[in-house]
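The values are calculated or read from the model by the stated rules, or taken from the named source; none is laboratory data. Everything numeric here is computed off the predicted structure, so don't read it as measured data. Because the Cβ atoms are built from the backbone with ideal geometry, glycine has one as well, and the counts that use them run over all protein chains shown.
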Amino acid sequence: MKLRTVELKNYRCYEKNDFHFGSDTTLIIGKNGTGKSSLLSAIRKGMSFIFSNTGSNELIKNNSNKIEGLNDWDTTYLEFGEGFQWPTNIGYEIETDDDSISWKFYKDKYGGKLHPTYYKSAQQKFQKHYLIESNILPLLGFYGDCYPHKRKENNKVVNDFNKILTKSISLPRDIGYALWSDEGSITSSWFLRTKFILNEIQKDVDSIKIISEEINELQKRLSSFSVVDDINASLIQIKTLDQRLNLIKKRYNDQTRPLEKEYEFVTEKVMQFFSNIGELDTDDLILFDIKKRRTEKSEALFFSFGKKNSINEGVFNEEALPMGYMRLLHIVYDIAYRWYLLNGEALLFDGLVLIDELELHLHPSLQQTVLQRFRKTFPGLQFIVTTHSPIILSNFNADEESTKIIQLEKKDGIYIDEELPNLFSMDYNSNLVNVMGVNISNKLLDAYINAFRFLNGENNPMAKDYYQKIEDLFDGKIPDFIKEKL
């Protein structure tokens, strides 16, 4: 499934805008207030069409999902007496393996509802394709700019969800869509599931070990018995223990081993994301172990980063992770878990992930590789992400088909969008100035330019020094529009 187009008419700041997305990754840039989050919200709302109640929707049986309507304040509002601009009309198109599905969200008045005729047939077509013809369900993920600071916990919906996760060996497939579009993180719920699995594994492993040791001990003692009754009694004990052992082994193979596979898939994906993928990576980024430990009041997961058995090893409780790591860990854990519940160990990933402000809390060194990590860990997923980071922008190779850059701007009160050419390898300062509209050290740059112009006019050799300083601000390559000022 690939989201190809979204056509917005009278949605929030957008009066009439058409967006065409890359099949792999689309990077959305723009200043605050240019509509980045609004675009993601329109996509998030639109993808909820698959949860519309058509009377036979298999995708909403075991989760609380429903179609996400348009609020009255989602409609474009113009000042100076023009007011709300009805109707709000959003068109969507996705590509499936060999077909396309189109639908609309249409609201024509204040207090009105969506017109189901514009999306119900699309939902039925979607369900037929993915549940009958394909049998791979596309993943949906949404991670806003308050994720994971805002937690989805301690309410009835989440408490009921947690009960299912911590009491059920096997989970319904559509649980992989539960709470997918909520702004709060539910990764703490996946952590609970992980701890439940580790406890189930440990129970069986301990039971198998204890019973096996008892059987071995009885077998050793058999040779020392001279009384037939003692021998027979021991043989009966061994037989009984052996039956118990076989039952536990059968339970392990039938129930616990699938849980173990679930744990292995998720943790392997998480550790793959936090692995060394380039020569500039440092050891402190590498995640090499995930363990459950008992704390004073409860159990917690502990994540070990760095170089094992060295002074650079860092072990963090699930609630005490550095904020940059915590955000990425919550997102990756959520994606991996949802995928496993929807499709098991299938590695042909499919689906759509929306991330607002990808660079939040990330050190520049991690900003260089974060998008590459997502794409390498989950190949096949479509990522649509927003960013203010020139580092992410400069490390993104856009081919303008599978990978795109869309710049959002507001000019003369109109919100416009433009697809940009490839900016890969352009230095960060040039991206800041030329693409993102930021003056780098404005006073410093002006001072260097003025000094250069004065000294150059006086034929002073020190002019070369200031030219070099200006070059250094732009990593050795002064943009043409700056050269024009020299």
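If you take the residues in the range 140-186 that are among the hydroxyl-bearing types (Ser, Thr, Tyr) and part of a helix (DSSP H, G or I), which one is surrounded by the most Cβ atoms within 10 Å (Cβ to Cβ)?
Selected residue: 177.
Quick one: in the range 90-103, of everything that is more than 24 Å from the chain's Cα centre (by Cα) and modelled with pLDDT under 95, which residue is farthest from residue 349 (Cα to Cα)?
For the range 90-103, the residue satisfying everything is 99.
Report every pair of residues separated by at least 6 positions or lying on different chains whose Cβ atoms are under 6 Å apart, first residue within the range 243-256 and in contact (Cβ under 8 Å) with a residue 24 or more places away in the chain and basic (Lys, Arg), second surrounded by 12 or more Cβ atoms within 10 Å (Cβ to Cβ) and in a helix (DSSP H, G or I).
244/211
Could you list all residues from the range 167-194 that are charged (D, E, K, R) and touching a Ser or Thr at 6+ places or on another chain (Cβ under 8 Å)?
193
I'd like to know if the range 340-355 contains one or more residues that are at pLDDT below 90, in the same structural domain as residue 421 (by TED's automatic domain parsing) and not in a loop (DSSP other than H, G, I, E, B).
Taking every residue of the range 340-355 in turn, none turns out to be at pLDDT below 90, in the same structural domain as residue 421 (by TED's automatic domain parsing) and not in a loop (DSSP other than H, G, I, E, B).
Within the range 5-45, how many residues are in a loop (DSSP other than H, G, I, E, B) and among the small types (Gly, Ala, Ser)?
Number satisfying all stated conditions: 5.
Out of all the residues in the range 387-394, is one or more among the small types (Gly, Ala, Ser), farther than 23 Å from residue 267 by Cα and either assigned to a loop (DSSP other than H, G, I, E, B) or under 15 Å from the mean Cα position of the chain (by Cα) (or both)?
Yes, there is a match, as at least one residue in the range 387-394 is among the small types (Gly, Ala, Ser), farther than 23 Å from residue 267 by Cα and either assigned to a loop (DSSP other than H, G, I, E, B) or under 15 Å from the mean Cα position of the chain (by Cα) (or both).
Could you check, for the range 70-89, whether at least one of its residues is touching a Leu at 6+ places or on another chain (Cβ under 8 Å), at pLDDT 95 or above and part of a loop (DSSP other than H, G, I, E, B)?
Looking for residues that are touching a Leu at 6+ places or on another chain (Cβ under 8 Å), at pLDDT 95 or above and part of a loop (DSSP other than H, G, I, E, B), one finds at least one in the range 70-89, hence yes.
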